[in-house]
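Taken together, the values in this text are just the output of simple stated rules run on the coordinates, not laboratory data. This is a predicted model, so every value here is computed, not measured. Positions of Cβ are generated from backbone atoms using ideal geometry, with glycine treated the same way; all protein chains shown enter the neighbour counts.
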Amino acid sequence: MLCAPLMKALSSRELSVKAFLDDAVERYHRPEFLVTDPLQVAHRYGAPEDQEVVGLLAAAFASGNIRAILSVLEKILAVLGEHPAEWLRRRRPEEVRGAFPGIYHRWVRESDLEVLLALIGETLRRHGTLGALWRSLDDPRCATTWPTLARFVDAILEMPIEPLARRGRELRRADGSVSPLASVESVLLTSPERGSACKRMNLFLRWMVRPADGIDLGLWGSFVSPARLLMPVDVHVMRQSQLLGLTRRKQPDQRAVMEITAKLRRFCPEDPCRYDFALVRVGIERKAKGHRGEG
């Protein structure tokens, strides 16, 4: 609930948008809608360290069709077993190789998955938990989580995982020219320093930081304020944000993330990402109605 001075500072248009968003939260920010979200897999685990690991994997693969996302996560988790963090912590990089035969997702191959999991495993051996790594890198005085996110991702990607080799990628053009592409693990674990809008990593942080409310997990809320979070801007959030006047940007880039988050902070300074889950559901519903010719 906004305090009176903030409410008075909002224009009539902003009050209308806020009312729409608050209604969307009331309708959609409910556990029954987790069936359309990869976060559902993290709720199966009771130990915070397992929820962190599964949450990071769910966010990393949160691209494309939800059925395909859940399919690859189910295959990975079937191997990791009841205690994914312990499974990864106990296995050296060479022991991860060959443990996930035939598992792939879009541009992610089996060898890329092995690298990602080996990086997480080495992180757990060195720092204990993902939350402990974040806490060691964070400055709570920073206005947003982006500076720490860049350090967090770099720390994971820099973990030594020999003898596993990271797959090099390149773009070959029709004219014969070749350009190197980012490694798959750096695409899965995005960083603001590389120009990414960090949809998947901002999603992971929302899950970890926002209060445990049946949707988000609240694991890091004691040392990271939800007020510092930035919106995970996917196609649904971007489209709804354009329709609501939260941004004039045409692409879901870093400036769009900052604009959308800044507008939402006017409605809820202490927790701007409270609207994220509901906005995605609004987008999904409108898209479905459009496919049926209803809108």
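Side notes on the structure shown:
- Under 25 Å from the Cα of LYS263 - lysines, other chains or at least 8 residues apart: LYS8, LYS18, LYS199, LYS250, LYS287
- Under the shape rule built on the C-alpha gyration tensor, where the axes satisfy a ≥ b ≥ c, the stretch 149-191 is oblate, since a/c reaches at least 1.5 while a/b does not exceed b/c.
- Loop-located GluC sites (Glu not before Pro) in the stretch 1-92 whose Cβ has at most 13 other Cβ within 10 Å (DSSP): GLU82
- The trypsin sites (Lys or Arg not before Pro) of the stretch 246-290 that DSSP puts in a loop, and whose beta carbon has at most 15 other beta carbons within 10 Å, are ARG248, LYS250.
- Reference-scaled alpha-carbon Rg (2.2 N^0.38 Å with N residues) for the stretch 31-103: 1.11
- By other beta-carbon atoms within 10 Å, ranking TYR104, TYR45 with the fewest at the front produces TYR104, TYR45.
- Computed from Cα atoms, the angle from the helix 110-127 axis to the main principal axis of the chain rounds to 80 degrees.
- Helix 12-28 and the long axis of the chain differ in direction by around 50°, with both axes built from C-alpha atoms.
- Computed from Cα positions, the angle between helix 48-60 and the longest principal axis of the chain comes to roughly 80 degrees.
- Footprinting exposure proxy for TRP207, TRP146 (fewest neighbouring C-beta atoms within 10 Å first): TRP146, TRP207
- Under-5 Å amide H pairs with ARG169, H placed in peptide plane, nonlocal only: LEU181
- Residue-wise HN-Hα couplings along the stretch 206-217, as the Karplus relation 6.51 cos²θ - 1.76 cosθ + 1.60 with θ = phi - 60° gives them from phi, are 4, 4, 6, 9, 4, x, 5, 10, x, 10, 6, 9 Hz; Gly and Pro carry x.
- Between the alpha-carbon centres of the stretch 243-264 and the stretch 53-74 there is a gap of 25 Å.
- Global form of the stretch 120-256, assessed from the alpha-carbon gyration tensor, a/c cut-off 1.5: oblate
- Debye log10 I(q)/I(0) at q = 0.08, 0.09 Å⁻¹ for the chain, Cα point scatterers: -0.36, -0.45
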